[in-house]
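The values are calculated or read from the model by the stated rules, or taken from the named source; none is laboratory data. Computed from a prediction, not measured in an experiment: that's the story for all the values here. Cβ coordinates were reconstructed from backbone atoms using ideal geometry, including for glycine residues, and neighbour counts include every protein chain displayed.
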Amino acid sequence: MDAFYASVEQLDNLDLQNKPVAVGGSSERGVVSAASYEARKFGVKSAMSSVIAKRNCPELIFVKPRFERYKEVSSQIREIFLEYTDLVEPLSLDEAYLDVTENKKGIPSASLIAKEIREKIKQKTGLNASAGISINKFIAKVASDINKPNGQKTVNPEEVEEFLEQLQIRKFYGVGKVTAEKMYRLGIFKGIQLKEKSEEFLTENFGKSGRYYYNVVRGIHTSEVKTDRIRKSLGAERTFNENIASEIFMMERLENIAEEIERRLKKSKVAGKTVTLKIKYSDFTLQTRSKTLAYFIASKDIILDTAKELLFQEKMKNSVRLLGITLSNLNTGKTETQEKEKEIAVQLKFDF
């Protein structure tokens, strides 16, 4: 979906249409959750401080998020997907993978299916959607951003090699800002330079992700569309009204966060082994500290004790504006190793 949260707000409130809109808090400590395309023209984007967003766009209109409404619209969109295939893997409220190799309507072209789905979404919800169509999830995901908003991009099998070679490295799904900057330092600016690097070189410089980069630039991505997507982590975080410099006050906030996580764990009936403490300092630098236990935990007390241990692991370099705790390595099913060892699916031929 195109600027989903902001687009829903503009749809429901005519006064917001064709105006720069940001979903999120407008306070000094607020953060932008989503921005309309009118706001993006001024450099406003998600995860940006509301203060900076307002500075970039003085006419910016802030609206509070309404997640129940977003879920409602997301359900309508999901119903449309299921008219074509049961192989739907949601990534979030506004995004999903669909495997249409064999589709319920017998349409022989994936591109036509995407066009038809986008038209139905527009008719049913009044919102615009974009799509990427290709031979695997990675390329489809990258392609979905090419002709946004309200467009689609098909990368046919014979076009994959050239498409990936000419793709800017920062547009590769899974390559974040930090990784992109490291690649630039190594002389990697496009897919063609990434492709020139050996697997050993990439593994040496990027660890386990090196093999992933080595494969995807060659169009190799064997992950299937999973209808029962397994939760990998569960967490909560808080941004404070004022920066905190005292660990004592931080511990009070961590206790509230640990209580929230315990509640969510009980609701989801899961437990985890790895506790990660997230710290965002007043200068907006971000730091994470993790510890993996020998057993699964779901208790507030153990989560809190582990978070406190991580908090005092090293001295704070600055006052803190945000704290968060995430529990991962959950007991939700197959381990990562088991996933890698499973049989690789055969790619079926399909007309694009």
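Summary table below
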item: Residue within the stretch 70-80 that is in a loop (DSSP other than H, G, I, E, B), acidic (Asp, Glu) and closer than 25 Å to SER111 by Cβ present; result: no
item: Some residue of the stretch 174-188 being without any contact (Cβ under 8 Å) to a residue 60 or more places away in the chain and touching a strand residue (DSSP E or B) at 6+ places or on another chain (Cβ under 8 Å); result: no
item: Boolean, ALA47 is among the hydrophobic types (A, V, I, L, M, F, W, C) and on the phi > 0 side of the Ramachandran plot; result: yes
item: Qualifying residue in the stretch 192-211 (condition: surrounded by 15 or more Cβ atoms within 10 Å (Cβ to Cβ), under 20 Å from THR276 (Cβ atoms) and out of contact with any Phe, Trp or Tyr (no Cβ under 9 Å at 6 or more places or on another chain)); result: no
item: In the stretch 13-44, the residues that are of a type in the set (Ser, Thr, Tyr) and part of a helix (DSSP H, G or I); result: TYR37
item: All positions within the stretch 97-117 that are surrounded by 19 or more Cβ atoms within 10 Å (Cβ to Cβ) and closer than 20 Å to VAL73 by Cα; result: TYR97, LEU98, ALA114, ILE117
item: Checking ALA47 against (1) among the aliphatic types (A, V, I, L, M); (2) surrounded by 20 or more Cβ atoms within 10 Å (Cβ to Cβ); (3) assigned to a loop (DSSP other than H, G, I, E, B), the condition it does not meet; result: (2)
item: Residues (more than 20 Å from the chain's Cα centre (by Cα) and polar (S, T, N, Q)) located in the stretch 153-179; result: THR154, ASN156, GLN166
item: Residue match in the stretch 293-308 (condition: at pLDDT below 85, in a helix (DSSP H, G or I) and not aliphatic (A, V, I, L, M)); result: no
item: Any hit, the stretch 234-253, residues being modelled with pLDDT of 90 or more, assigned to a loop (DSSP other than H, G, I, E, B) and farther than 22 Å from ALA96 by Cα; result: no
item: Scope the stretch 240-267; condition surrounded by fewer than 16 Cβ atoms within 10 Å (Cβ to Cβ) and farther than 14 Å from ILE303 by Cβ; matching residues; result: ASN241, GLU242, ASN243, ALA245, SER246, GLU247, ILE248, PHE249, GLU252, LYS267
item: Scan of the stretch 50-84 for residues that are surrounded by fewer than 19 Cβ atoms within 10 Å (Cβ to Cβ) and of a type in the set (S, T, N, Q), ordered by number; result: ASN56, SER75, GLN76
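Per-residue answers, yes or no, for (1) in contact (Cβ under 8 Å) with a residue 40 or more places away in the chain; (2) in the same structural domain as VAL142 (by TED's automatic domain parsing):
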residue	(1), (2)
GLY24	yes, no
VAL32	no, no
SER36	no, no
ARG40	no, no
LYS54	no, no
LEU82	no, yes
